[in-house]
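The values are calculated or read from the model by the stated rules, or taken from the named source; none is laboratory data. This is a predicted model, so every value here is computed, not measured. Here Cβ is always computed from backbone atoms with ideal geometry, including for glycine, and neighbour counts include all displayed protein chains. Ligands, DNA and RNA are excluded from the accessible area calculation, which covers all protein heavy atoms including side chains. Shrake-Rupley method; radii C 1.70, N 1.55, O 1.52, S 1.80 Å.
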Number of protein chains: 2
Amino acid sequence: MTPQPGSAGDVLTLISAGSATTRSDLARLTGLARSTISQRVDALIERGLVEETESGESTGGRPPRQLRLHTEDHAFAGVDLGATHCRVALMDISGNVLAECEDSLLIGEGPEKVLAHVDERLDQLLGRAGRPRKALRAVGIGVPGPVEFATGRPNNPPIMPGWNDYPIPDYFEGVEVLVDNDVNVMALGEHRGAFSGAKHLLFVKVGTGIGCGIMAEGKLHRGAQGSAGDIGHIRVSGHEDAGCRCGNSACLEAVAGGAAIARRLTELGLPAESGADVVALVQAGNTQALRLVREAGRLIGEVLASLVNFFNPEVIVIGGALSRVHEHLLAGIRETVYRRSLPLATHHLSITPSRTGINAAALGAGILAIEHYLSPDNINRIVNA
Amino acid sequence: MTPQPGSAGDVLTLISAGSATTRSDLARLTGLARSTISQRVDALIERGLVEETESGESTGGRPPRQLRLHTEDHAFAGVDLGATHCRVALMDISGNVLAECEDSLLIGEGPEKVLAHVDERLDQLLGRAGRPRKALRAVGIGVPGPVEFATGRPNNPPIMPGWNDYPIPDYFEGVEVLVDNDVNVMALGEHRGAFSGAKHLLFVKVGTGIGCGIMAEGKLHRGAQGSAGDIGHIRVSGHEDAGCRCGNSACLEAVAGGAAIARRLTELGLPAESGADVVALVQAGNTQALRLVREAGRLIGEVLASLVNFFNPEVIVIGGALSRVHEHLLAGIRETVYRRSLPLATHHLSITPSRTGINAAALGAGILAIEHYLSPDNINRIVNA
DNA sequence: GCGCTTTGTTCGATTTTCGGCGGAAGTTGG
DNA sequence: CCAACTTCCGCCGAAAATCGAACAAAGCGC
């Protein structure tokens, strides 16, 4: 029922996390006998999950044979569906990108059209990487709206017309599909990529809207209805006049989101439509745009200050379109957070820009798929089959 | 190293959680053979952790022997240290209160004096319950300030002079001591008591100050520095004039805490010093006090609305001194939360008053101690010793 | 009373794990 | 270059854990 500790799955987890690269490491970490570990590793090699590489450095005796994930026979995909784009990354089992692509694609076209496009791209990327379709073990998809994670159905998403309650995984046959909110997969990717040491992390996406992915105890916190992290509609003080598409006013998103900044620039006589336009203006050195971005940072910082007191994360990562001008955004955020949060909570807090950049969501979605496949339960199932 | 699944500890966990009351249940839940389960149960009975009661209902065959925690040989204590009081509850292993007491005690007297008092009370309660000192397996202590949970040392607590970095567990000999923030143990107690079905719960204590305990995935979220849940110093809009003891202004606690309400009542010519005075005035039907409590509820609701969007809990429990007038407080909180949070997050959200009342902290601290003792790792250690 | 069902124990069989041994494969020092 | 030493790894018998079949116990229904 429950998996054995030191089971094949646990052993593989240690290998994949990089905690152990040799049989000796595994024996030390699990507490099992060396012979038992050898047996486990043999089973994993047999199943094509692990491979041996050249011997490593000797520490005075026979050098240990290095172990690593066998990257040839499996493939995973991460899909980033945005309001107007689609990115797909094909990855091997250790998270390396084999091939990727990016298209304009309107999510409003509805699930059938969009998913057909994704499916086509998957085949193309598999072809480019020279792997057969059946090598594809799992696909992660990040979508711009709330999702019931267990079933992969969007839950009243505001900007995905036609997708409500659509069972996305059912569209794909013969492959496991995991669907999550885009900020969640971005948080996951960022955590596993650059901040795996942090137990508690917030990933804040500042684009057209504003959202937040939450890592608690190293795992995604999705909340009771899967709507956790929806910080775009938290109220900020002093902006009661700013109406929001959600029906309320003074929402963070309505005053500090990319769309809001663009609108205010337009009012100032600087035509801008989207977050990208704002970024362009800032990069062109426009001081009005710069000022507004910094001011947006302060407003976001005000909300984050509350969340820092509440959640006490170790790291806050700022991503999304506007993070391309992160110096200015971060300046505003840091200024406010460090002023308004408690010293105990901010003392070891670091606020940094995203390291994964434009591909954050696709990579994170791929990692979601890989981690699902590598979960001890699943591996034990495969090995004992 | 890692405990076996279906180990004695896991078996005991199932029994203590009430998930299994017979050997058959255990076999079904763990997937182990009946004979293996019998062996485990025998070991647990041998160690005095489990006992058999009368046979249960037959379902057409031989009636199963019921199993339950053996409540005689162990005792646990929960201690609630407040700014001006000390409550101690002595409990058996299944969480029933054997004896309890309450005193006035100034925490400012310093750790030695206060802990000596606690130790004395422990002996008294053990005497009353007729259990020897060595029956006491673990003690949980809730203190009014941040604590480094792993070491049991208060971390710059604002209202505990002389306690900073004091290693509380070292004061007690021969018994394990766990120290946590008071709101954390209250959240734990409330969750285990009345809302064990909820995965994500917030416990909000509204007393002199305002704090929040966070249960995520059924476990306490303490944050990176153990300061999570410190919502008393989140800024609320429109009260820039209200200075707070933390040095900032417009903190939630400075405008909606019991002390703040009392001060405003005093300004209105109604002498009040503490949250208790406010409660008394409300209970006496004073409309000014009632209005201020309701207004405080709105302000707290404003902050909670943000946290609901961010954290998406299933339940918010309101406790602390002011919850004794919870109708008025809750009205204000509900009004604001349901207006300012997203529908998806509030749809299944319930906001309710505490069920454990005045003893919440002592009971929660006791549960902290019991759960520590009953943790699979610890039980396996005991059984295999 | 007698068959049926479910529970719990006993005990030999099976599977899993351990740990010692020896060979493999390197380093170090003379 | 060789001998001594260290570490790694597979092999295999011993030990331990677990299983499962058989049987006894205990109630129900007819």
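Tabulated data
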item	result
Residue within segment B:132-143 that is of a type in the set (Gly, Ala, Ser), in a loop (DSSP other than H, G, I, E, B), modelled with pLDDT of 95 or more and surrounded by fewer than 21 Cβ atoms within 10 Å (Cβ to Cβ) present	no
Evaluation of residue A:380 against (1) part of a helix (DSSP H, G or I); (2) under 20 Å from residue A:182 (Cβ atoms); (3) in contact with a Pro (Cβ under 6 Å, 6 or more places away or on another chain) (one fails), failing number	(2)
Lone unmet requirement of (1) loosely packed, with under 15 Cβ neighbours inside 10 Å; (2) assigned to a loop (DSSP other than H, G, I, E, B); (3) away from DNA strand D (no atom under 16 Å from the Cβ); (4) among the small types (Gly, Ala, Ser) for residue A:116	(2)
Residue ranges of strands (runs of 3 or more DSSP E) in segment A:1-112 with at least 1 members more than 14 Å from every other protein chain (Cβ to nearest Cβ) and open to solvent by 40 Å² or more (accessible area, probe 1.4 Å)	A:50-55, A:65-69, A:85-91, A:97-104
Residue selected from segment B:144-195 under the condition among the aromatic types (Phe, Trp, Tyr) and over 19 Å from residue B:90 (Cα atoms), by the criterion least open to solvent (accessible area, probe 1.4 Å)	B:163
Which listed residue is part of a helix (DSSP H, G or I) and either without any contact (Cβ under 8 Å) to a residue 40 or more places away in the chain or out of contact with any strand residue (DSSP E or B) (no Cβ under 8 Å at 6 or more places or on another chain) (or both), from A:330, A:322, A:368, A:363	A:330
Selected residue [more than 10 Å from every other protein chain (Cβ to nearest Cβ) and assigned to a helix (DSSP H, G or I)] from B:161, B:169	B:169
Some residue of segment B:290-312 being surrounded by fewer than 24 Cβ atoms within 10 Å (Cβ to Cβ) and in a loop (DSSP other than H, G, I, E, B)	no
Scan of segment A:223-243 for residues that are more than 7 Å from chain B (Cβ to nearest Cβ) and either open to solvent by 10 Å² or more (accessible area, probe 1.4 Å) or in a loop (DSSP other than H, G, I, E, B) (or both), ordered by number	A:226, A:236, A:239, A:240, A:241, A:242, A:243
Condition check for residue A:92: within 21 Å of the chain's Cα centre (by Cα) and either free of Cβ contacts under 8 Å to residues at least 12 places away in the same chain or away from DNA strand C (no atom under 16 Å from the Cβ) (or both)	yes
Candidate set from segment B:221-250 (those that are among the hydrophobic types (A, V, I, L, M, F, W, C) and at pLDDT below 95); member that is nearest to residue A:237 (Cα to Cα)	B:236
Residues of segment A:244-271 satisfying the condition of being more than 18 Å from residue A:302 (Cβ to Cβ), open to solvent by 10 Å² or more (accessible area, probe 1.4 Å) and touching a helix residue (DSSP H, G or I) at 6+ places or on another chain (Cβ under 8 Å)	A:245, A:246, A:259, A:268, A:270, A:271
Qualifying positions in segment B:199-230 - touching an Asp or Glu at 6+ places or on another chain (Cβ under 6 Å) and under 18 Å from residue B:360 (Cα atoms)	B:203, B:209, B:210
Members of segment A:19-71 that are more than 13 Å from DNA strand C (Cβ to nearest atom) and at positive phi	A:48
Residues satisfying the stated conditions in segment A:197-222, i.e. more than 16 Å from residue A:345 (Cβ to Cβ), in a loop (DSSP other than H, G, I, E, B) and facing chain B (nearest Cβ under 8 Å)	A:217, A:221, A:222
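Results for (1) of a type in the set (Ser, Thr, Tyr); (2) out of contact with any strand residue (DSSP E or B) (no Cβ under 7 Å at 6 or more places or on another chain); (3) within 16 Å of DNA strand D (Cβ to nearest atom), shown as yes or no for each residue.
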residue: A:39; (1), (2), (3): no, yes, yes
residue: A:60; (1), (2), (3): no, yes, yes
residue: A:75; (1), (2), (3): no, no, no
residue: A:83; (1), (2), (3): no, yes, no
residue: A:89; (1), (2), (3): no, no, no
residue: A:103; (1), (2), (3): no, no, no
residue: A:110; (1), (2), (3): no, yes, no
